[in-house]
Amino acid sequence: IMDKLRNKIDILDNKLLEILAERMKVVVEIGKYKKVRELPPLDKKRWNEVLRIRIEKAKALKLSEKLVREIYELIHKHSLELQK
C-alpha cells in the first residue's frame, strides 16, 4: 500500500513541477512585455488580487492558508527575479 501511495505522490509532484515550469515560461513572457513597455516588474494591485484569490481557492479546497500563502510568496519572489 505504501508503495502505491508514494507512487501517487511522485506522479502528482511531477505534474506540479511541469505546471510550475509552464508558469515560469509565461512569467518570462510577461517580463519581456513589461521591459519593452518600461513597466515595473511588480504590479502591487495585481499581486494582492492574485494572492487573495488563491487563498480563497485554498480555503475552498480545505488547504492551509499559511501553506498556500508561503508557496505563492516564493513563486512570486522568483517570478519577479525572472522579470528583472
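The values are calculated or read from the model by the stated rules, or taken from the named source; none is laboratory data. These numbers come from a predicted model, not from an experiment. Cβ placement follows ideal geometry from the backbone for every residue including glycine, while neighbour counts extend to all protein chains displayed. Side chains included, ligands, DNA and RNA excluded: accessible areas come from the protein's heavy atoms. Shrake-Rupley method; radii C 1.70, N 1.55, O 1.52, S 1.80 Å.
Summary of computed values
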| read-out | value |
| --- | --- |
| Cα-based convex hull, the stretch 41-84, per residue volume (Å³, whole number) | 52 Å³ |
| Solvent exposure of the chain as accessible area per residue, Å², 1.4 Å probe | 87 Å² |
| Whole-percent carbon and sulfur share, accessible surface of the chain, 1.4 Å | 60 percent |
| Nearest 10 degrees, 0 to 90: helix 65-83 Cα axis against the chain principal axis | 40 degrees |
| Correct option for P(r) over Cα pairs in 10 Å bins from 0, in percent [calculated from the coordinates] among (1) 18, 59, 21, 1; (2) 16, 43, 30, 11, 1; (3) 16, 37, 32, 12, 3, 0 | (3) |
| Label-to-label distance, nm, for residues given as N14 and E29 (7 Å Cα→Cβ offset) | 2.5 nm |
